[in-house]
Amino acid sequence: MAGPDAAMNVNVQLPPLATGEAEKANAAAMRLLALEAEVRQQASEQALWFHLVNAVKDIVPYGQALVWRRSRRGGAFQLRAISGLPVADRHTPLARALQAWLVEQDRAARLGVAWSTELPALASDPRQVALNDFPLRHALWLPLADGPETASAGALFLRGTPFGTREQALLKRLGDTYGHAWRVFAPQRRWYERLPMSKKSLAVAAALLVGAALIPVRLSIMAPVEVIADQPYILTAPINGVIKSLLVAPNTPVQANQPLVQFEDIQPRNEMVLAQQQLAVAEARDSRTSAAAFKDPEAAHEMAIAAAEHDLARVSYDYALEVLQRTLVRSPINGLAVYSDRRDWEGRSVMVGEEILQVADPSRVTYRIDLSTGNAIELAQGNPVSIYLESAPLGGLKAQLQSVSYTPHTTSAGVTSYTVIALPQGGSTPRIGARGTARVYGDYAPLAFQLLRRPIAVVRQYVGV
């Protein structure tokens, strides 16, 4: 196959013309201007192609002209129009042979510029056998470029004699005119035609995407988690008072009957001393009245009052003594003292029943998950939970959902959340107070729902549907 000649140059140095030739050149120039005016009047892409393959013959003679256009960016050229025929049949042997020949030229990156050549005398490609007996051996390729060194369409002119220099210059000028008209007047290609794939490949990709979107997966959500004690002993304030000091550090082991909290005891101790003195006075008065009742009738009448005052003083003393004893709180069991910080409690006034700390068994823990209301899904008891603690981000722990609170609460971060409790399922026991992230699994749903659940929820909040 003969290789293509060098690309044509518009600024061709032409020899001077004789008088007769000048008149012919003037006539050709007038015809060129008229042809360019006709090009601008074409209203559709197909009309432009039909005009290109049939009207150019008045300026540059040729045997046959064909217009080729890519069906998509990067795709092969396909026949769109042929001279002398209203409809181009791309399935004829000649059309198939020329298309295979253009594919070779396209692979060699030769279709971005204009060139002329001779068709192969003996085609090596079996698809190009029809070119062997084709009489129009000389070809000129005219690209209709849509960018630098790129062409999405082009015209192939065929005839029995080579194309001259003047003819090549005229065709190059017409190629620029038709290319401009095509870019301006032709309708824009649909979006799928711009993709670097065929319709069949696009349909297969869409089918695979839909199939992947329908794959059932288990819904899952991420939420912060904290390791808490399982059924700890909650130590509450036994009296109304001010905490003087916490006698153990946070997260330290304690023994049963070990002092934990010391309250300010100045007032309870003074009240106990005062109640003790009042008891002594009441006891002495009761003894004196009882002794005088044997001789003095009036003393016998006051004996019952003195006894009642004695009992009242004893009750007051017992109460003051019990309050004083409660200023020192001891641990009822062995375990781990769990609370936040000493500075949060020392010097703080508390009421009876207010929680101060917990005494927990470090080997019995659960997971508390704060599930925000905006990220909630349907959960059931027994659903699996994966725990990823900050202290071990690469190693996940298994757990099982135990319960979900009925009403949400506001966390310290100001987020309205449900409290989810999960029980550990084997593995190592994490430290109480450790934090991390939990993945809670729900029911099965399509993959598309898992990916689009949050965007859909956000849109519904704004749209209200």
Pick from Leu156, Leu174: which is touching a Leu at 6+ places or on another chain (Cβ under 9 Å), in a strand (DSSP E or B) and either within 28 Å of Thr92 (Cα to Cα) or modelled with pLDDT of 80 or more (or both)?
-> Leu156
Quick one: Pro120 ticks every box in (1) touching an Asp or Glu at 6+ places or on another chain (Cβ under 8 Å); (2) open to solvent by less than 50 Å² (accessible area, probe 1.4 Å) except a single one, so which number is it?
-> (1)
Condition test on Ala392, is it part of a loop (DSSP other than H, G, I, E, B), of a type in the set (A, V, I, L, M, F, W, C), over 16 Å from Glu226 (Cα atoms) and more than 24 Å from the chain's Cα centre (by Cα)?
-> no
Of (1) of a type in the set (Gly, Ala, Ser); (2) farther than 30 Å from Ala237 by Cα; (3) open to solvent by 30 Å² or more (accessible area, probe 1.4 Å); (4) in a strand (DSSP E or B), Ala380 satisfies all except one. Which?
-> (4)
How many of the residues making up segment 44-94 are without any contact (Cβ under 8 Å) to a residue 24 or more places away in the chain and touching a Ser or Thr at 6+ places or on another chain (Cβ under 6 Å)?
-> 1
Quick check: anything in segment 430-449 of a type outside the set (Asp, Glu) and free of Cβ contacts under 8 Å to residues at least 60 places away in the same chain?
-> no
Might you check whether a residue that is farther than 14 Å from Tyr62 by Cβ, assigned to a loop (DSSP other than H, G, I, E, B), modelled with pLDDT under 85 and not aromatic (Phe, Trp, Tyr) occurs anywhere in segment 78-100?
-> no
Residues (surrounded by fewer than 14 Cβ atoms within 10 Å (Cβ to Cβ) and either modelled with pLDDT of 85 or more or of a type in the set (D, E, K, R) (or both)) located in segment 47-75 | Asp58, Pro61
Looking at segment 424-438, which of its residues are part of a strand (DSSP E or B) and open to solvent by less than 60 Å² (accessible area, probe 1.4 Å)?
-> Pro424, Gly436, Thr437, Ala438
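Within segment 314-321, can one find any residue that is over 43 Å from the mean Cα position of the chain (by Cα) and open to solvent by less than 40 Å² (accessible area, probe 1.4 Å)?
For segment 314-321, residues over 43 Å from the mean Cα position of the chain (by Cα) and open to solvent by less than 40 Å² (accessible area, probe 1.4 Å): present.
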Can we say Leu401 is aliphatic (A, V, I, L, M), at pLDDT 90 or above, under 30 Å from Ser245 (Cα atoms) and open to solvent by less than 40 Å² (accessible area, probe 1.4 Å)?
-> no
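Looking at segment 229-263 only, could you name the residues that are within 30 Å of Asp311 (Cβ to Cβ) and open to solvent by 70 Å² or more (accessible area, probe 1.4 Å)?
The initial filter retains those residues of segment 229-263 that are within 30 Å of Asp311 (Cβ to Cβ), namely 237-241, 263.
Scanning segment 229-263 gives a single hit, Asn240.
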How many of the residues making up segment 340-363 are under 21 Å from Asp265 (Cβ atoms) and in a loop (DSSP other than H, G, I, E, B)?
-> 8
For residues that are open to solvent by less than 40 Å² (accessible area, probe 1.4 Å) and charged (D, E, K, R), scanning just segment 264-294, find the one that is farthest from Ile432 (Cα to Cα).
-> Asp286
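The values are calculated or read from the model by the stated rules, or taken from the named source; none is laboratory data. Nothing here was measured: the structure is a model prediction, and the numbers come from that model. We place every Cβ from the backbone using ideal geometry, glycine too, and count neighbours over all the protein chains shown. For the accessible areas, the whole protein counts, side chains as well, though only heavy atoms, and no ligand, DNA or RNA atoms are used. Shrake-Rupley method; radii C 1.70, N 1.55, O 1.52, S 1.80 Å.
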